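Some notes on the structure that comes next.
Bear in mind that the values in this text are calculations on the coordinates, not laboratory data. Quick caveat, the model's predicted, so the values are computed rather than measured. Neighbour counts run over all protein chains shown; Cβ positions are idealised from the backbone, glycine included.
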Amino acid sequence: MVLLDFWATWCDPCREEIPHFVELQNKYRDQGLQIVGVSMDDSPEPVLDFHQQFKMNYPVVMGNAQTGELYGGVLGLPIAFLIGRDGRIYSKHIGATDIAVFEREITILLRTK
């Protein structure tokens, strides 16, 4: 299962969510969760510093408008998608979302074989 998070270093709500994503990755990695960050920054330089500063324990790739279009357009940040083992998108969260919401959905999907 994948939690795909579109974010940027300059996005304050993103900065608030990322430490929680680090916790979720630690807690559920062994059960099959993989978080992937998609940075919508213009260049990788601030992302590298941010990745180290926030001790991000999951991969981050650089995205652009075309990447966002693959997921229906990314008009605001953060936007997170929870993708099940079957490749289907089970939920989409626009804006800062309470970590409890992500955790509840993750635990439900992890129980689904």
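Things to note:
- Long-range tail of P(r) for region 25-113 (Cα pairs > 18 Å, %): 51
- Estimated FRET transfer efficiency (S43, E69; beta-carbon r; R0 22 Å; 0.05): 0.60
- Total formal charge among the other residues, if their Cβ is under 13 angstrom from that of F6, Lys/Arg +1 and Asp/Glu -1: -3
- Across region 85-95, coupling constants 3J(HN,Hα) worked out from phi with the 6.51/-1.76/1.60 Karplus curve, θ = phi - 60°, read 4, 7, x, 7, 7, 9, 7, 9, 10, 9, x Hz, and Gly and Pro carry x.
- Share antiparallel - DSSP beta bridges, region 2-111, percent rounded to 5: 55
- Fully extended contour minus Cα-Cα distance, from A100 to W10, at 0.36 nm per residue: 30.0 nm
- Counting charges near V38 (Lys, Arg +1; Asp, Glu -1) among other residues having Cβ under 15 Å from its Cβ returns a value of -4.
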